[in-house]
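Each remark here refers to the structure printed beneath this line.
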Amino acid sequence: ALGSDTGGSTRNPGSLCGVVALKPTYGLLSRHGLIPLVNSMDVPGIMTRSVHDAATVLRIMQGRDERDSTTIQAPSTPPSLPEHFDIRDIRVGIPKEYHALGLSQDTLDQWSRVATMFEQAGAQVQEVSLPHTQHSIVCYHVLCCCEVASNMARFDGLEYGHRSTVDSSTDAMYATTRHEGFNNVVRRRILSGNYFLLKSNYDRYFVKAQQMRRLITEDFTNVFRSGIDVLLTPTTLSDAVRYSDFIQEDNRTRSAQEDIFTQPVNMAGLPAVTIPTALSCRGLPIGLQLIGQTLQDWKLLTVAHWMEQQLSFPVIHFHGDSDERELDRSKVTFAFTAMTRLQTIAAPEVILLHRRMLFNTALALSARSTAMGPITHHSSAPDHSEPCNRTPERTKGK
């Protein structure tokens with residue numbers, strides 16, 4: 001699946017749903033056809049079942065597009081990711097500023113476990129500093145509102161989108177159209193953005209935010225210049241939140257919490273990928289994020305592929321022999337069980353995405369039923385009495 005990633009909008013749901021989500025280098029994929037939100041940060045994100053699939057989609061889509069002036073020439077890439085990779089040549093950085101307030105114990109344990117996994121495999125793992133990260137969410141909010149105010153100006157009822165039936169005057173139709181078409185979140189961003197862009201506030205807010213954005217980008221540049229190949233960070237503070245908790249907070253607070261680990265990457269234009277690692281104590285997926293250097297998406301995916309192989313998080317396969325078919329059955333059972341849990345505790349967006357994935361999986365398996373025999377639903381569900389932070393097993397029938 002494809003989706004726009006402005007501050008983590010593909011990596012966050014990818015982490016919560018246990019799939020791979022790639023945010024490529026800014027300009028590597030065309031934004032033509034993408035409804036703009038924040039032009040300087042928007043990137044088409046790729047969500048797939050595996051890192052290999054993400055690499056395949058990226059290789060097909062990358063490159064210049066005459067309809068998007070921000071696209072750049074893609075570097076040459078091999079036909080596929082290497083199956084065997086010497087991780088001892090890689091240096092992994094652990095940003096100390098990403099030990100954020102509210103980070104769940106499950107996520108922290110997985111972060112430590114994967115860092116240890118890299119170290120035991122021979123990779124060099126070291127703590128690094130991104131000192132301006134603490135200001136990134138405020139900087140992101142100011143720039144986001146400014147560009148939203150500019151981009152939403154086109155929805156005036158004359159050429160794009162909804163048009164009000166009020167026709168007493170052009171001004172009345174224009175005002176009513178925007179009132180009816182935008183919800184409170186969009187209106188608040190437009191008002192904030194126009195406030196930040198006022199002549200009296202321009203230097204105080206917009207210019208300062210742009211200066212801070214440059215410092216955030218330089219933090220990443222300095223870390224990578226020191227010899228670090230990839231950064232390993234959490235993607236979200238925790239697994240999917242309960243719906244009752246989700247609706248208690250306003251959109252501004254939720255955005256500040258959910259995007260804390262993901263939006264600095266968009267401001268710096270760097271590639272990043274989320275890889276599912278294990279299940280939390282509640283039986284919901286937890287993902288970690290790898291951040292790479294500009295235009296080194298392939299190297300990032302190579303490290304992510306190695307990490308995916310070591311973690312052995314279940315992947316649904318649609319094609320193959322009878323052995324893979326049996327593996328498919330176990331993954332469908334895992335998906336049904338996770339769906340049951342999500343319906344009781346997760347936010348609506350997570351439930352909808354997971355339901356679509358499960359539906360597509362069922363369709364693909366159903367199409368093969370004639371040639372490979374009927375699909376039977378295994379009643380045995382994963383044993384959630386096991387210790388926390390476990391990786392779902394690949395054993396048949398689980």
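The values are calculated or read from the model by the stated rules, or taken from the named source; none is laboratory data. Predicted model, so just to flag it, every value in this text is computed and none were measured. Glycine also receives a Cβ, built like all others from the backbone with ideal geometry; neighbour counts cover every protein chain displayed. Heads up: the accessible areas ignore ligands, DNA and RNA and are worked out on the full protein's heavy atoms, side chains in. Shrake-Rupley method; radii C 1.70, N 1.55, O 1.52, S 1.80 Å.
When region 83-109 is filtered for residues that are open to solvent by less than 20 Å² (accessible area, probe 1.4 Å) and over 23 Å from HIS135 (Cβ atoms), the ones remaining, listed by number, are ILE87, ILE90, VAL92. The single condition from (1) free of Cβ contacts under 8 Å to residues at least 24 places away in the same chain; (2) touching a Leu at 6+ places or on another chain (Cβ under 7 Å) that GLN73 fails is (2). Taking the condition crowded, with 24+ Cβ neighbours inside 10 Å and either over 11 Å from the mean Cα position of the chain (by Cα) or assigned to a loop (DSSP other than H, G, I, E, B) (or both), does GLY27 pass? No.
Can you name every residue in region 171-184 that is surrounded by 13 or more Cβ atoms within 10 Å (Cβ to Cβ) and in a helix (DSSP H, G or I)? Scanning region 171-184 gives MET173, TYR174, ALA175, THR176, THR177, ARG178, GLU180, GLY181. Among the residues of region 235-246, are any in contact (Cβ under 8 Å) with a residue 12 or more places away in the chain, out of contact with any Cys (no Cβ under 8 Å at 6 or more places or on another chain) and open to solvent by 70 Å² or more (accessible area, probe 1.4 Å)? Within region 235-246, one or more residues are in contact (Cβ under 8 Å) with a residue 12 or more places away in the chain, out of contact with any Cys (no Cβ under 8 Å at 6 or more places or on another chain) and open to solvent by 70 Å² or more (accessible area, probe 1.4 Å). May I ask you to list the residues in region 186-210 that are part of a helix (DSSP H, G or I), out of contact with any helix residue (DSSP H, G or I) (no Cβ under 9 Å at 6 or more places or on another chain) and either open to solvent by 60 Å² or more (accessible area, probe 1.4 Å) or touching a residue at least 40 places away in the same chain (Cβ under 8 Å) (or both)? Residue satisfying the conditions is ASP203 alone. For region 57-82, how many residues are surrounded by 12 or more Cβ atoms within 10 Å (Cβ to Cβ), at negative phi and not acidic (Asp, Glu)? Selection size over region 57-82: 13.
Can we say GLY45 is of a type outside the set (A, V, I, L, M), at pLDDT 95 or above, out of contact with any His (no Cβ under 8 Å at 6 or more places or on another chain) and open to solvent by less than 30 Å² (accessible area, probe 1.4 Å)? It is true that GLY45 is of a type outside the set (A, V, I, L, M), at pLDDT 95 or above, out of contact with any His (no Cβ under 8 Å at 6 or more places or on another chain) and open to solvent by less than 30 Å² (accessible area, probe 1.4 Å). What number of residues within region 160-202 are touching a Lys or Arg at 6+ places or on another chain (Cβ under 6 Å) and hydrophobic (A, V, I, L, M, F, W, C)? Here the count works out to 0. Residue pairs whose Cβ atoms lie under 9 Å apart, separated by 6 or more positions or on different chains, with the first residue in region 1-28 and closer than 23 Å to GLU147 by Cβ and the second aromatic (Phe, Trp, Tyr) and open to solvent by 10 Å² or more (accessible area, probe 1.4 Å), are GLY7/TYR140.
In region 256-282, the residue that is surrounded by the fewest Cβ atoms within 10 Å (Cβ to Cβ) out of those that are at pLDDT below 90 and of a type outside the set (A, V, I, L, M, F, W, C) is GLN257. Taking VAL51 as the residue in question, decide whether it is among the aliphatic types (A, V, I, L, M), buried (at least 20 other Cβ atoms within 10 Å of the Cβ) and under 30 Å from PRO131 (Cβ atoms). The answer is no for VAL51. With respect to the conditions (1) within 30 Å of PRO131 (Cβ to Cβ); (2) under 32 Å from the mean Cα position of the chain (by Cα), ASN201 falls short on a single one, namely (2). For region 110-125, a residue qualifies if it is open to solvent by 60 Å² or more (accessible area, probe 1.4 Å) and touching a Lys or Arg at 6+ places or on another chain (Cβ under 7 Å), and exactly one does: GLN124.
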